[in-house]
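Values quoted throughout were computed directly from the atomic coordinates according to the rules given, and no laboratory measurement underlies them. What you are looking at is a predicted structure, and each value in this text was computed from that prediction instead of being measured. Cβ sites come from the backbone with ideal geometry, for glycine too, and all protein chains shown count toward neighbours.
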Amino acid sequence: MIHHQMHQPRTIHQIEFGNLVIQHLTEHGVMSAALLYQSPFTDITPSGPDGLFEPKQVDELFTALSKIEASAWVA
């Protein structure tokens, strides 16, 4: 997901947030970035990913979700 900083320690909330993303993708195959600003994600932090990650990391997450969605439409 956020490759260039994978060796930095993550907080429990970051891990929980990431696990929710993975769970959603596993169940649904795609995910709109807008969902990151709704429950259950906002149950971890009210401001969604912006409250847990650096802006560049949030941008990378959005890019990854967009690529997953684009590849799903091709298949």
Scanning region 38-53 for residues that are without any contact (Cβ under 8 Å) to a residue 12 or more places away in the chain and part of a loop (DSSP other than H, G, I, E, B), the one surrounded by the fewest Cβ atoms within 10 Å (Cβ to Cβ) turns out to be SER39
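Give the residues of region 58-68 that are touching a residue at least 12 places away in the same chain (Cβ under 8 Å) and surrounded by fewer than 17 Cβ atoms within 10 Å (Cβ to Cβ), sorted by residue number. Walk me through it before giving the result.
Pass one, region 58-68, residues touching a residue at least 12 places away in the same chain (Cβ under 8 Å): 60-62, 64-66, 68.
Those that are touching a residue at least 12 places away in the same chain (Cβ under 8 Å) and surrounded by fewer than 17 Cβ atoms within 10 Å (Cβ to Cβ): PHE62, SER66, ILE68.
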